[in-house]
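J.: To start, I am sharing the structure in question, which I have written as structure tokens.
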């Protein structure tokens, strides 16, 4: 058998190329430059950011719109610790991500070399990532890369997908690997696992007999690329569809069967319909706290009470949050396809379906009526609900919204109308402030033909402003819509509501004057065109102008910061906050 001799860095780059990787995200350092150079020689683009957290958020969003593996390459120690929040964010949301970090030369490990993390073990930086990654490896000899790389690529992308870390000392990047010429990577190709026949039959029987069934779709539907099957299943059953925040857009929200998102800040129609359902069919969701109103049965899901059919690729998720009547382990796409076949053409009596549809339509009308006043508010500063309504009406049908935190996330999840998959990207499990600015860049790299709109608050943007430099450097035409309210508005609401105190939540000078950078001057300094809107009557024209720009653009909108989002569900943190500082 003939072999090919190459450096460890070049072997990794070849494995990435064979996997179809065309972009690697990160920041350069002396320990990881060998891989940057190898990727460059093979035509793999290195997307460099000014901070590693931003690079990881961009890689995360790049996967979410393109479904191409997210790959991150960073320097040791501070480079890797800077990346930690981004990797935790990606891992919590099931993004398949390969992180490759440089490390000090292996022969220096026992001597505790410069920049080495070594307090409890030599060169142990990878240990920091064990709580957020599916697996971490440190490869101390180049010859072991041939064993580790296929496993890392496989583990990141199969089962419950997530992040993995391969930690590579400098001498391993530079070392020699002899590999068979015929193949570089041994990563197997897996078929999609289908749920068992008995479980499918029991689920079908339960759904056929249901009077008020609801389909509850999570991020697993997106990861499995199963939106077509979800739509077919909903129409087969004539059952309404609610989604998690991460699942938003997996079912077109203008559809009569669409309920919107559930939970703390979900739509009232969704919460009322799931709470009164007799059967819940949950697909690809971990039943997260925010989506389930802290699991309180009187707000979102009344389980038990409602019967639960749960489909998930991870057996550990089935029955974790709620007791199940039928649990099915399987891939969302393959298992929904099998369930559709078992159900047949018309599984529910038409009259039963019509009665449920009428009740759902009435709830949706009532919910829209409840939002109308705030969405048409004519006051200044501009009501964020009005901004979201006009964004929803004026954005292109295929626009990608990338949210940060606060009104621009929870309010957007509740009130933006999303019609297609991979159109609403947010940090779900971690709710990471600073996610949107760089993630919007990654989304645009993954979907260059679509308009990408990053929604971000003033606190979020000023925490990660370096992302703007990357957009100009690489000429990536992202539109950022800045909700500027001179505060951390969600926490200001907490302070005012429960403590009668906004201390630490507002952006003010010592004399009490509201303070933020001049965002127009800031954008200009980056080489970015911008526009400021303070009058609600000028909002539509401002949005139209911003949408027309085919370059990086910042639209600052002065919004109210004293408004809590309409809360239709429940979050039990309120029980710990109520009373505030009543006990002195």
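The values are calculated or read from the model by the stated rules, or taken from the named source; none is laboratory data. Since this is a predicted model, take the numbers as computed values, not measurements. Note that we place each Cβ from the backbone using ideal geometry, even for glycine, and neighbour counts take in every protein chain shown.
J.: From (1) out of contact with any helix residue (DSSP H, G or I) (no Cβ under 8 Å at 6 or more places or on another chain); (2) within 22 Å of residue 262 (Cβ to Cβ), pick out the condition that doesn't hold for residue 364.
T.: So residue 364 meets the others, but not (1).
J.: Follow-up. For region 329-362, give me each residue that is outside any helix (DSSP H, G or I), over 25 Å from the mean Cα position of the chain (by Cα) and surrounded by 19 or more Cβ atoms within 10 Å (Cβ to Cβ).
T.: To start, the set of residues in region 329-362 that are outside any helix (DSSP H, G or I) comprises 329-331, 344-349.
Filter again for over 25 Å from the mean Cα position of the chain (by Cα), leaving 344-349.
Once the filter is applied, which keeps residues that are outside any helix (DSSP H, G or I), over 25 Å from the mean Cα position of the chain (by Cα) and surrounded by 19 or more Cβ atoms within 10 Å (Cβ to Cβ), region 329-362 yields 347, 348.
J.: Then there is this: Only one of these conditions is not met by residue 542: (1) assigned to a helix (DSSP H, G or I); (2) at pLDDT below 95. Which number is it?
T.: (2)
J.: Which is at positive phi and modelled with pLDDT of 95 or more, of 43, 34?
T.: Numbers: 34 fails: at positive phi.
When all the criteria are applied, what remains is 43.
J.: Which residue out of 272, 253, 225 is within 21 Å of residue 569 (Cα to Cα) and not in a helix (DSSP H, G or I)?
T.: From the options 272, 253, 225, the qualifying one is 253.
J.: Cβ-Cβ under 6 Å, sequence separation 6+ or interchain: first residue in region 443-463 and within 12 Å of residue 398 (Cα to Cα), partner surrounded by fewer than 24 Cβ atoms within 10 Å (Cβ to Cβ). Which pairs?
T.: 447/65; 450/398; 451/396; 451/399; 453/399
J.: So, one more: What is the number of the single condition among (1) under 30 Å from residue 230 (Cβ atoms); (2) in contact with a helix residue (DSSP H, G or I) (Cβ under 9 Å, 6 or more places away or on another chain); (3) modelled with pLDDT of 95 or more that residue 174 does not meet?
T.: (1)
J.: Checking the structure you have, find out if any residue of region 451-467 is within 23 Å of residue 222 (Cβ to Cβ), at pLDDT 95 or above and surrounded by fewer than 24 Cβ atoms within 10 Å (Cβ to Cβ).
T.: yes
J.: Looking at 20, 91, 34 in this structure, which one is outside any helix (DSSP H, G or I) and not assigned by TED's automatic domain parsing to the domain that holds residue 250?
T.: Values: 91 fails: outside any helix (DSSP H, G or I); 34 fails: outside any helix (DSSP H, G or I).
None of the other options fit; the residue is 20.
J.: Sort out which residues of region 243-268 are surrounded by fewer than 24 Cβ atoms within 10 Å (Cβ to Cβ) and more than 19 Å from the chain's Cα centre (by Cα), and write them in order of number.
T.: 254, 255, 256, 257, 258, 268
J.: Here is a list: 39, 28, 15. Which entry is assigned by TED's automatic domain parsing to the domain that holds residue 67, part of a loop (DSSP other than H, G, I, E, B) and touching a residue at least 12 places away in the same chain (Cβ under 8 Å)? Please lay out each step first, then the result.
T.: Working: 39 fails: part of a loop (DSSP other than H, G, I, E, B); 15 fails: part of a loop (DSSP other than H, G, I, E, B).
The unique qualifying residue is 28.
J.: From the list 332, 290, 270, 358, exactly one residue is farther than 29 Å from residue 407 by Cα, touching a helix residue (DSSP H, G or I) at 6+ places or on another chain (Cβ under 9 Å) and not assigned by TED's automatic domain parsing to the domain that holds residue 568. Which is it?
T.: 332
J.: How many of the residues in region 432-450 are surrounded by fewer than 20 Cβ atoms within 10 Å (Cβ to Cβ) and within 12 Å of residue 408 (Cβ to Cβ)?
T.: 0
J.: Sticking with this structure for a sec: So which residues in region 301-321 are part of a loop (DSSP other than H, G, I, E, B) and within 15 Å of residue 214 (Cα to Cα)?
T.: Just the residues of region 301-321 that are part of a loop (DSSP other than H, G, I, E, B), to begin with: 301-306, 313-314, 318-321.
Those that are part of a loop (DSSP other than H, G, I, E, B) and within 15 Å of residue 214 (Cα to Cα): 301, 302, 303, 304, 305, 306.
J.: Further question: Residues in region 402-422: is at least one without any contact (Cβ under 8 Å) to a residue 40 or more places away in the chain, out of contact with any helix residue (DSSP H, G or I) (no Cβ under 7 Å at 6 or more places or on another chain) and closer than 21 Å to residue 227 by Cα?
T.: Within region 402-422, not a single residue is without any contact (Cβ under 8 Å) to a residue 40 or more places away in the chain, out of contact with any helix residue (DSSP H, G or I) (no Cβ under 7 Å at 6 or more places or on another chain) and closer than 21 Å to residue 227 by Cα.
J.: On the given criteria, is residue 83 in a loop (DSSP other than H, G, I, E, B), crowded, with 24+ Cβ neighbours inside 10 Å and more than 14 Å from the chain's Cα centre (by Cα)?
T.: Against the criterion (in a loop (DSSP other than H, G, I, E, B), crowded, with 24+ Cβ neighbours inside 10 Å and more than 14 Å from the chain's Cα centre (by Cα)), residue 83 does not qualify.
J.: Cβ-Cβ under 6 Å, sequence separation 6+ or interchain: first residue in region 144-155 and in the same structural domain as residue 106 (by TED's automatic domain parsing), partner in a helix (DSSP H, G or I). Which pairs?
T.: Note: pairs meeting the criteria are 145/8; 145/11; 149/15.
J.: Out of 385, 338, I need the residue that is outside the structural domain of residue 411 (by TED's automatic domain parsing), modelled with pLDDT of 95 or more and over 18 Å from residue 274 (Cβ atoms). Which one?
T.: Values: 385 fails: outside the structural domain of residue 411 (by TED's automatic domain parsing).
The match here is 338.
J.: Could I ask something else about it? Tell me, which residue of region 372-386 that is part of a loop (DSSP other than H, G, I, E, B) and in contact (Cβ under 8 Å) with a residue 60 or more places away in the chain is nearest to the chain's Cα centre (by Cα)? Give the steps one after another, and end with the answer.
T.: Going through region 372-386, the residues part of a loop (DSSP other than H, G, I, E, B) turn out to be 376-381, 383.
Restricting the remaining residues to those that are in contact (Cβ under 8 Å) with a residue 60 or more places away in the chain gives 377-381, 383.
Values: 377: 30, 378: 33, 379: 33, 380: 32, 381: 29, 383: 26 Å.
Among those residues, the one meeting the criterion is 383.
J.: Tell me which of these residue 286 doesn't satisfy, since it passes every other one: (1) touching a residue at least 60 places away in the same chain (Cβ under 8 Å); (2) crowded, with 24+ Cβ neighbours inside 10 Å; (3) not in a loop (DSSP other than H, G, I, E, B).
T.: Just one mismatch for residue 286, condition (3).
Yes/no matrix, rows are residues, columns are (1) assigned by TED's automatic domain parsing to the domain that holds residue 554; (2) assigned to a helix (DSSP H, G or I); (3) modelled with pLDDT of 95 or more; (4) out of contact with any strand residue (DSSP E or B) (no Cβ under 6 Å at 6 or more places or on another chain):
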residue: 494; (1), (2), (3), (4): yes, yes, no, yes
residue: 502; (1), (2), (3), (4): yes, no, no, yes
residue: 520; (1), (2), (3), (4): yes, yes, yes, no
residue: 523; (1), (2), (3), (4): yes, yes, yes, no
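J.: With the structure loaded, tell me whether residue 152 is farther than 26 Å from residue 105 by Cα and either touching a strand residue (DSSP E or B) at 6+ places or on another chain (Cβ under 6 Å) or modelled with pLDDT of 95 or more (or both) or whether it fails that test.
T.: Numbers: farther than 26 Å from residue 105 by Cα: no; either touching a strand residue (DSSP E or B) at 6+ places or on another chain (Cβ under 6 Å) or modelled with pLDDT of 95 or more (or both): yes.
When the stated conditions are applied, residue 152 does not pass them.
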